[in-house]
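Only one structure is covered here, and it is reproduced in the block below.
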């Protein structure tokens, strides 16, 4: 986990996807909206885990 650039990029992309889904929720078809929402939840959850690992394991 020494490459913080990859972690920062993943975190930004996952939060941007979640924000875009929230803003465009009315214009997406229901079936696609469900799968994109699940993908966004998984990505944001992984992002939070990576942030916590970076904070607590930063000295390693």
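Quick note: the coordinates plus some simple rules give every number you see, no bench work behind them. Being a predicted model, the structure only gives us computed values, none of them experimental. Ideal geometry is used to build each Cβ from the backbone, glycine not excepted, and the neighbour counts take in all protein chains shown.
The residue pairs whose first member lies in the range 15-26 and is at negative phi and touching a residue at least 12 places away in the same chain (Cβ under 8 Å), whose second member is surrounded by 11 or more Cβ atoms within 10 Å (Cβ to Cβ) and part of a helix (DSSP H, G or I), and whose beta carbons are closer than 6 Å, counting only pairs six or more residues apart or on different chains, are 17/40; 18/40; 18/44; 21/36; 21/40.
Can you name every residue in the range 10-26 that is touching a helix residue (DSSP H, G or I) at 6+ places or on another chain (Cβ under 8 Å) and assigned to a helix (DSSP H, G or I)?
Result: 10, 11, 13, 14, 15, 17, 18, 21.
Flag: residue 7 matches the condition of being surrounded by 12 or more Cβ atoms within 10 Å (Cβ to Cβ) and part of a helix (DSSP H, G or I). The residues of the range 27-40 that are in contact (Cβ under 8 Å) with a residue 12 or more places away in the chain and either out of contact with any helix residue (DSSP H, G or I) (no Cβ under 8 Å at 6 or more places or on another chain) or under 26 Å from residue 54 (Cα atoms) (or both), listed by number, are 37, 39, 40.
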